[in-house]
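The values are calculated or read from the model by the stated rules, or taken from the named source; none is laboratory data. Keep in mind that what you see is a predicted model, and the values were worked out from it rather than measured. Here Cβ is always computed from backbone atoms with ideal geometry, including for glycine, and neighbour counts include all displayed protein chains. Note: accessible area is taken over every heavy atom of the protein model, side chains too, but ligands, DNA and RNA are not part of it. Shrake-Rupley method; radii C 1.70, N 1.55, O 1.52, S 1.80 Å.
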Amino acid sequence: IDMRLMWEGEPVVLIDTAGMRRRGRIEQGIEKYSVLRALRAVQRADVVALLIDATQGVTAQDTHIAGYILEEWKSIIVLVNKWDLVEKDTYTMDEFTKRVRSELHFLDYVPVLFISALTRQRVHKVIPLARHIYGQRLLRVPTGELNRLIQEAVTRHQLPSSRGKKLKFFYATQAEVAPPTFVLFVNDSELVHFSYQRYLENRIRERYPFEGTPIKLVFRNRSTK
């Protein structure tokens, strides 16, 4: 269900989806169709709010949906609903947040917001947070700043090598937004290990957090001539 509204002078489209049951509980017909519609809604969205039941914790289906959202390169907020039903102490929220990040394999860039649809606790924060994250999705890093940032990262952490061949960086630029996509020209893209790619992503996020938003790093070969 699409709902169009104006929020502080800006048009917003809210896409509500049918709930998705856990794997193995999807029946033929209407239930299966609702799952397909929900997945299509993810494809249409810029920012996806993943709703988790605080009384159940992260389920296998939640993990499956989170993976699908990231495969589509969508920005994301984790909403923990029914927070009013959870017994709390000083550390409850921090501990639950750590558990969510661990089980969904999220790093710190994905915000976790604790709400209650029943009591309306923090519900008013959802759209402002989504709008903020949408802005992060469209953020551009100046080319000069990006290259200085990459050079600093390379200086701080020695470049990997394989069979006597060392990785060399020549130039970096941001090619796209939504999601932010960075192209890095190197002498041999096969020398870029996943761990080094993650290291570079973390260095970029130190300067530009891109909150709630996945970023793409694309490595392309360029001749040394």
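Data table
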| item | result |
| --- | --- |
| Contour excess over end-to-end distance, with Cα ends at Val218 and Gln158 and 0.36 nm allotted per residue | 19.6 nm |
| Ala49 long-range amide H proximity, modeled H, under 5 Å | Ile77 |
| Separation of alpha-carbon centers, segment 50-116 and segment 161-187, rounded to whole Å | 32 Å |
| Directionally averaged projected area (convex hull, Cα atoms, segment 150-223), nm² | 5.0 nm² |
| Pairs of Cα atoms farther than 24 Å apart, segment 36-140, % | 22 percent |
| Where Tyr171, Tyr208, Tyr91 fall by accessible area, highest first, once all protein chains stay in place (1.4 Å) | Tyr91, Tyr171, Tyr208 |
| In Hz, Karplus ³J(HN,Hα) per residue of segment 178-195 (6.51, -1.76, 1.60; θ = phi - 60°; x = Gly, Pro) | 6, x, x, 10, 10, 9, 10, 8, 9, 7, 7, 5, 5, 7, 7, 6, 4, 5 |
| Amide hydrogen neighbours beyond the local backbone of Gln121, cut-off 5 Å, H modeled | Ser116 |
| 3J(HN,Hα) from dihedral phi, segment 136-144, Karplus parametrisation 6.51/-1.76/1.60, rounded to Hz, x for glycine, proline | 5, 5, 9, 5, 10, 9, x, 4, x |
| Extension gain (nm, one decimal) between Ser34 and Ala178, 0.36 nm per residue minus Cα-Cα | 49.2 nm |
| 5 angstrom amide H check on Phe182, placed H, neighbours 5+ away | Ala175, Lys216, Leu217, Val218 |
| Signed unit charges on C-beta, dipole axis of the chain, positive-most listed residue Thr119, Val78, Gly164 | Gly164 |
| Sequence of His105, His132 from largest to smallest accessible area, 1.4 Å probe | His105, His132 |
| Computed [θ] at 222 nm, helices only, for the chain once each DSSP H run of length n ≥ 4 contributes -39500 (n - 2.57) | -11500 deg cm²/dmol |
| Contour excess over end-to-end distance, with Cα ends at Lys168 and Glu72 and 0.36 nm allotted per residue | 31.5 nm |
| Of Lys98/Lys165; Lys82/Lys216; Lys165/Lys216; Lys166/Lys216; Lys98/Lys125; Lys88/Lys125, those spanning more than 31 Å from alpha-carbon to alpha-carbon | Lys98/Lys165; Lys82/Lys216 |
| Radius of gyration, Dmax [the chain; alpha carbons; angstrom] | 20.3, 65 |
